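The values are calculated or read from the model by the stated rules, or taken from the named source; none is laboratory data. Since we're looking at a predicted model, the values are computed, not measured. Ideal geometry is used to build each Cβ from the backbone, glycine not excepted, and the neighbour counts take in all protein chains shown.
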């Protein structure tokens, strides 16, 4: 079986892209997990145009496949006007800061910016299934994939979908956001936790890849003190967001995990380790294997 090299978030880092491609074995096919654009504000040399051109060349030549990241989706919404001419995604200070390198390169809603966001729509589906491997940017949720598939069987969004995604006002729009940004759930009444940013919150992000997780501490992501979390089993609606351990393996990016790369679970894992890039070499195994996780020099 053909080996596939799965490469996570690049964020306009050309050096990271080239180092990742150099680590791909001869004859392997490349699978990208999205988030090609939007270097961090402190990045020394953002290269949105060069990264996009390189990735598009690989896709157009049939050497690679990719899925859409939340940054590509946000760019589409940011550069698409609503009926009043305002961006579908509000021009909030935080989003503009994260998206500034792209704007500096292509401008705001310019023809060149729109050519790239049109390409995102046409070329980057929300998910892919390659043989027995599933790919999404932030989450594989079987109910949400099924819901979107009823309207968009190939996982490719269309312009007619954008307003409801921006508003998050429909099950379809919320399902799209779950696949590219991950599931968030509300804690039981009166419960709050303090996250890694020090802020008190009533909603938490779910470590949905912990297949078989049955309690809040097993299921919640980025809460430094698990003792803050509710005791007892997960409610059914939260348990439904946890990945089925009998399902095919799935790989995502998105989560900016700390430390050295490792697999979160044999059936589902993020590969997004900003401080130590990595890729996964998949050759048909039905469980993810640590020895197939490769650091990128």
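Just so you know, in region 228-239 the residues that are surrounded by 14 or more Cβ atoms within 10 Å (Cβ to Cβ) and in a loop (DSSP other than H, G, I, E, B) include one that is farthest from the chain's Cα centre (by Cα), and it is 230. Residues being part of a loop (DSSP other than H, G, I, E, B), out of contact with any strand residue (DSSP E or B) (no Cβ under 9 Å at 6 or more places or on another chain), in contact (Cβ under 8 Å) with a residue 24 or more places away in the chain and on the phi > 0 side of the Ramachandran plot are entirely absent from region 245-255.
Results for (1) buried (at least 17 other Cβ atoms within 10 Å of the Cβ); (2) touching a strand residue (DSSP E or B) at 6+ places or on another chain (Cβ under 9 Å); (3) closer than 14 Å to residue 119 by Cα; (4) free of Cβ contacts under 8 Å to residues at least 24 places away in the same chain, shown as yes or no for each residue.
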{"site": "13", "(1), (2), (3), (4)": "yes, no, no, no"}
{"site": "23", "(1), (2), (3), (4)": "yes, yes, no, no"}
{"site": "26", "(1), (2), (3), (4)": "no, no, no, yes"}
{"site": "31", "(1), (2), (3), (4)": "yes, yes, no, no"}
{"site": "38", "(1), (2), (3), (4)": "yes, no, no, no"}
{"site": "41", "(1), (2), (3), (4)": "no, no, no, no"}
{"site": "56", "(1), (2), (3), (4)": "no, no, yes, no"}
{"site": "60", "(1), (2), (3), (4)": "no, no, yes, yes"}
{"site": "63", "(1), (2), (3), (4)": "no, yes, no, no"}
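Entry remark, region 265-295: residues being under 23 Å from residue 71 (Cα atoms) and either part of a loop (DSSP other than H, G, I, E, B) or assigned by TED's automatic domain parsing to the domain that holds residue 211 (or both) number 7 in total. Note on region 184-227: residues that are modelled with pLDDT under 85 and either touching a helix residue (DSSP H, G or I) at 6+ places or on another chain (Cβ under 6 Å) or assigned to a helix (DSSP H, G or I) (or both) amount to 3.
Quick check on my filter: what residues within region 211-229 are touching a strand residue (DSSP E or B) at 6+ places or on another chain (Cβ under 8 Å) and within 30 Å of residue 246 (Cβ to Cβ)?
Filtering region 211-229 for residues touching a strand residue (DSSP E or B) at 6+ places or on another chain (Cβ under 8 Å) gives 211, 214-215, 219-226, 228-229.
211, 214, 215, 219, 220, 221, 222, 223, 226, 229, listed by residue number.
Would a scan of region 110-118 turn up a residue that is in contact with a helix residue (DSSP H, G or I) (Cβ under 8 Å, 6 or more places away or on another chain), assigned by TED's automatic domain parsing to the domain that holds residue 267 and surrounded by fewer than 16 Cβ atoms within 10 Å (Cβ to Cβ)? Walk me through it before giving the result.
Filtering region 110-118 down to residues in contact with a helix residue (DSSP H, G or I) (Cβ under 8 Å, 6 or more places away or on another chain) leaves 112-113, 116-117.
Okay, now just the ones that are also assigned by TED's automatic domain parsing to the domain that holds residue 267, so 112-113, 116-117.
Of the ones still in play, those that are also surrounded by fewer than 16 Cβ atoms within 10 Å (Cβ to Cβ) are 112.
Looking through region 110-118, at least one residue is in contact with a helix residue (DSSP H, G or I) (Cβ under 8 Å, 6 or more places away or on another chain), assigned by TED's automatic domain parsing to the domain that holds residue 267 and surrounded by fewer than 16 Cβ atoms within 10 Å (Cβ to Cβ).
Say whether the condition of being at pLDDT below 95, surrounded by 14 or more Cβ atoms within 10 Å (Cβ to Cβ) and in contact with a strand residue (DSSP E or B) (Cβ under 8 Å, 6 or more places away or on another chain) is met by at least one residue in region 279-288.
So the first thing to find is which residues in region 279-288 are at pLDDT below 95, and the list is none.
No, there is no match, as no residue in region 279-288 is at pLDDT below 95, surrounded by 14 or more Cβ atoms within 10 Å (Cβ to Cβ) and in contact with a strand residue (DSSP E or B) (Cβ under 8 Å, 6 or more places away or on another chain).
Residue check: is residue 179 modelled with pLDDT of 95 or more and surrounded by 17 or more Cβ atoms within 10 Å (Cβ to Cβ)? Considered against the rule, which asks whether it is modelled with pLDDT of 95 or more and surrounded by 17 or more Cβ atoms within 10 Å (Cβ to Cβ), residue 179 comes out as yes. A single entry from 55, 24 fulfils the requirement of being in a helix (DSSP H, G or I) and closer than 15 Å to residue 279 by Cβ: 55. Could you tell me whether any residue of region 163-175 is within 26 Å of residue 77 (Cβ to Cβ), assigned by TED's automatic domain parsing to the domain that holds residue 274 and touching a strand residue (DSSP E or B) at 6+ places or on another chain (Cβ under 9 Å)? Yes, that holds for at least one residue. Take residue 144 and decide whether it is loosely packed, with under 12 Cβ neighbours inside 10 Å, under 27 Å from residue 7 (Cα atoms) and in contact (Cβ under 8 Å) with a residue 24 or more places away in the chain. Criteria not met by residue 144. Among the criteria (1) within 25 Å of residue 220 (Cβ to Cβ); (2) within 18 Å of the chain's Cα centre (by Cα); (3) not in a loop (DSSP other than H, G, I, E, B), the one residue 147 does not fulfil is (2).
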